[in-house]
Amino acid sequence: MRLSNRRHSAGTSRFQLSMVSMIAVVLLLLIFFLVTTSLVRPELRLPSSIRAKQLAQGSAAHSDLEPATVDVVRVGDRIVFRIGQLESDQLGAIEQVLRTFRNKDDGAFVRAVNDAPFDMPARAIELCRQLGFLPVTYVPLK
């Protein structure tokens, strides 16, 4: 049994793979990965905005995380505005406290009891909007 290359060499066409297009694709992928890896900062190296704010402002920064909440509540026989521990039937005192809030972009909440006169929560909502709290959310209390 003799194997010869004469029959195969005369009638067969060789399969040729074009390397030019494969090299072009590899180079494009290499350039893409080089550009994207040099522009993206690793997530572990990104500064935490909460931590940076605490370092810059000291220990008072934790209060910036609390939303502004104005309550219209009944105390005894009268209805008053309450923000934190401060209770007043005038909006002037409440306004002074609201001006100290730095996180106005987080919005404010106005919570009112059902038997409160309409003008009290409405004035509180308007005050919050004038001071730059957006959005202002009304929440009825039971």
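Among residues of segment 98-115 that are of a type in the set (Lys, Arg), those with a beta-carbon under 8 Å from a residue that is not in a strand (DSSP E or B) at least six positions away or on a different chain give the pairs 99/131; 102/64; 104/131; 104/132; 104/133; 104/134.
Among the residues of segment 114-142 satisfying the criterion of being surrounded by fewer than 19 Cβ atoms within 10 Å (Cβ to Cβ), in contact with a Leu (Cβ under 9 Å, 6 or more places away or on another chain) and part of a loop (DSSP other than H, G, I, E, B), which is modelled with the highest pLDDT? Ranking the qualifying residues of segment 114-142, first place goes to 131. Within segment 77-100, the set of residues being more than 12 Å from residue 131 (Cα to Cα) and either surrounded by 16 or more Cβ atoms within 10 Å (Cβ to Cβ) or among the hydrophobic types (A, V, I, L, M, F, W, C) (or both) comprises 79, 80, 81, 82, 83, 86, 91, 93.
The values are calculated or read from the model by the stated rules, or taken from the named source; none is laboratory data. Note that this is a predicted model, so its numbers are computed, not measured. Because the Cβ atoms are built from the backbone with ideal geometry, glycine has one as well, and the counts that use them run over all protein chains shown.
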